[in-house]
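> What follows is a single structure, and I will ask about it in a moment.
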Amino acid sequence: MAIMGGRSMTLLNELRQRIDSRFPLTAYADPAPRAFQPAALLAFATRVTDAYAADARHLDEGCSGSWRALLAHAFDVYEAVRPCLSIRYSTRTVYSGPEDIAADLERGQLEINTEHCEHPLWTPEENCVFRIVHDVIPHAMYARPFSLEGEVLAFHDHVRRAPAEAKLALFTEIFGYAAIRYSTGVYPETQKCIVFPELLADYEAGFLSPASSPPTQPGA
């Protein structure tokens, strides 16, 4: 356990400091509580699921730059946290909630599920790097639950750390796959690199607070 300023610092706090120092928060409005209700969110998720299914493409070359920006960011975060962690890979369901991820991180380890890693632009290894970032930032640092609401809030957490050009890819990678999972019960077997700017605009217009709120700090 690290010592800082005369007091002990948990490994999760060390990971948080590493991320905060390298990837400072940017402003992105919180969901408005009155709008961010389960029925309304599930109805919107169904719209996203339908749009994903209706687009037969697996890759839109015109939006590939957003995935490149997101992957570069994911590797930067990975390099920041890798010295603290022993990372294992498996095909089992590893964690039942964010508290399990946080407990494993405190032990200096993390296990990543490698299922459903077929991606038009990323190798399975690259896909797993992004999964590491997703487990560490929203699920461990912000304790986002494994639910539709939790994953949508995780989208906000990622947007506040990643470069602006990665936002559309994040909407597909986080919001899109959560929408499919929680509206149909399963994740798609393969992923697509297609973007949904109109749906993102509709989400922001319908669910976010009218004025930009200050970024939410971890643990707030």
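> Suppose we filter segment 109-122 for residues that are surrounded by 14 or more Cβ atoms within 10 Å (Cβ to Cβ) and either at positive phi or in a loop (DSSP other than H, G, I, E, B) (or both); how many remain?
7
> OK, next. Go through (1) farther than 15 Å from Glu173 by Cα; (2) touching an Asp or Glu at 6+ places or on another chain (Cβ under 8 Å); (3) touching a residue at least 12 places away in the same chain (Cβ under 8 Å) for His156 and report which single condition fails.
(1)
> Scan segment 1-11 and give yes if some residue there is at pLDDT below 95, open to solvent by less than 90 Å² (accessible area, probe 1.4 Å) and on the phi > 0 side of the Ramachandran plot, otherwise no.
Scanning segment 1-11 turns up at least one residue that is at pLDDT below 95, open to solvent by less than 90 Å² (accessible area, probe 1.4 Å) and on the phi > 0 side of the Ramachandran plot.
> Condition (residue is hydroxyl-bearing (Ser, Thr, Tyr), assigned to a helix (DSSP H, G or I) and closer than 22 Å to Leu170 by Cα) applied to segment 126-144: is it met by at least one residue?
The answer is no, given that none of the residues of segment 126-144 is hydroxyl-bearing (Ser, Thr, Tyr), assigned to a helix (DSSP H, G or I) and closer than 22 Å to Leu170 by Cα.
> Have a look at Arg82, Arg92 and point out the one that is open to solvent by 60 Å² or more (accessible area, probe 1.4 Å) and outside any helix (DSSP H, G or I). Can you show your working first?
Values: Arg82 fails: outside any helix (DSSP H, G or I).
Answer to the selection: Arg92.
> State all residues of segment 181-207 that are open to solvent by 10 Å² or more (accessible area, probe 1.4 Å) and touching a Pro at 6+ places or on another chain (Cβ under 6 Å); if no residue qualifies, say none.
Phe207
> I would also like to ask the following. Taking the condition of being part of a helix (DSSP H, G or I), aliphatic (A, V, I, L, M), open to solvent by 50 Å² or more (accessible area, probe 1.4 Å) and under 18 Å from Ala154 (Cβ atoms), how many residues in segment 19-55 meet it?
Total meeting the criteria: 1.
The values are calculated or read from the model by the stated rules, or taken from the named source; none is laboratory data. Quick caveat, the model's predicted, so the values are computed rather than measured. Glycine gets a Cβ as well: all are built from the backbone with ideal geometry, and neighbour counts include every protein chain shown. Remember, those area values only see protein heavy atoms, side chains included, never the ligands or the DNA or RNA. Shrake-Rupley method; radii C 1.70, N 1.55, O 1.52, S 1.80 Å.
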